[in-house]
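Asks: Okay, here's the structure, questions in a sec.
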Amino acid sequence: KILHTRGIRGLIIGPLPRPWGHVSLNWTHFAAVAIGNTVVRPGLHRVIHSQSQGMSLALRSLKHQGYERIGFTSLIDQSRRVNQGWLASYLLHSYEQPAKLRVPPLITKSWNREKFRRWLEKHKPDAIVSNYDIPLHFLAEFGVRVPEDMAFASLDRMHDTDPYAGIDQLRGKMYGAAVDLLVSLIESNQYGLSEHPKIVHFEGVWQAGPTVQKKKAVV
């Protein structure tokens, strides 16, 4: 009511605290765009990072540097927040690999140092991808040299100063795309919920960093 009274007609809904959320408003008065996958009801126009593309690009970049046994680890809550996009792309990649190169993903409720250690020792990845840098800290605690012994790549490299390689989701450009989409809705008088909401997938880019190097061939 306050938004409507003040003449605010356009809304950008940011990511919600929980993975699958519901926002209740009288949408008739507003043009709205959501950022990310966390708003599942109602079905709004949205702009999202293509997690599937980001994972695929990270895996290709690591393979190009000579890494073969690539592991993926994250939290259950985070995997749900991105609609399992990273996990789906990773499992497809694993399916296409020879059995001897497959590393089961470690998707866990919370970070556990010993569980992570057991996963490493059992599956022996030569590189790890994650949207957190906690695995990188665990590796340092275990005395694993990065990248000499094992590479690490982030799926969410947020700053140019981040001390690791990985995917830059280009958040600034993605948010700009959300504004552009909202402006187009307002200019075309598209208020209220749409039967066919638009979804804009924004692709990230690979950024090199000190945690990935060309893997030396084993003689």
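Asks: Scan (1) within 30 Å of A165 (Cβ to Cβ); (2) hydrophobic (A, V, I, L, M, F, W, C); (3) surrounded by fewer than 17 Cβ atoms within 10 Å (Cβ to Cβ) for the single condition A58 breaks and write down its number.
Replies: For A58, the failing item is (3).
Asks: Does the stretch 118-125 include one or more residues that are of a type in the set (D, E) and in a helix (DSSP H, G or I)?
Replies: Yes: one or more hits.
Asks: Can you name the residue in the stretch 132-143 that is part of a helix (DSSP H, G or I) and of a type in the set (A, V, I, L, M, F, W, C) and is also most open to solvent (accessible area, probe 1.4 Å) among such residues?
Replies: Only one residue fits best here, namely A140.
Asks: A further question on this structure: When you scan the stretch 1-24, do you find a residue that is of a type outside the set (D, E, K, R), under 21 Å from G204 (Cβ atoms) and out of contact with any strand residue (DSSP E or B) (no Cβ under 7 Å at 6 or more places or on another chain), even just one?
Replies: yes
Asks: Next question. Can you pull out the strands (runs of 3 or more DSSP E) entirely within the stretch 1-80 that have at least 3 residues that are within 13 Å of the chain's Cα centre (by Cα), at pLDDT 95 or above and not aromatic (F, W, Y)? Don't jump to the end; show me each part of the working.
Replies: On the way: elements: 10-13, 31-35, 39-41, 45-49, 70-75.
Passing ranges, in order: 70-75.
Asks: Same structure again: Can you name every residue in the stretch 61-70 that is touching a residue at least 24 places away in the same chain (Cβ under 8 Å) and either surrounded by fewer than 23 Cβ atoms within 10 Å (Cβ to Cβ) or touching an Asp or Glu at 6+ places or on another chain (Cβ under 8 Å) (or both)?
Replies: Within the stretch 61-70, S61, Q65, G66, Y67, E68, R69, I70 qualify.
Asks: Of (1) closer than 21 Å to Q213 by Cα; (2) open to solvent by 30 Å² or more (accessible area, probe 1.4 Å), V129 satisfies all except one. Which?
Replies: All conditions pass for V129, except number (2).
Asks: Taking the stretch 144-199 as the search range and keeping residues that are part of a loop (DSSP other than H, G, I, E, B) and touching a helix residue (DSSP H, G or I) at 6+ places or on another chain (Cβ under 6 Å), which one is farthest from G7 (Cα to Cα)? Spell out the reasoning first.
Replies: Within the stretch 144-199, the first condition is being part of a loop (DSSP other than H, G, I, E, B), and the residues that meet it are 144-150, 155-164, 169-170, 188-198.
With touching a helix residue (DSSP H, G or I) at 6+ places or on another chain (Cβ under 6 Å) added as a condition, the list becomes 146, 155, 192-193.
Values: V146: 54, L155: 39, G192: 15, L193: 18 Å.
Here the residue is V146.
The values are calculated or read from the model by the stated rules, or taken from the named source; none is laboratory data. These numbers were taken from a predicted model, which means no experiment stands behind them. With ideal geometry, Cβ positions are generated from the backbone for all residues, glycine too; neighbour counts draw on all protein chains shown. Accessible surface areas use protein heavy atoms only, side chains included; no ligands, DNA or RNA. Shrake-Rupley method; radii C 1.70, N 1.55, O 1.52, S 1.80 Å.
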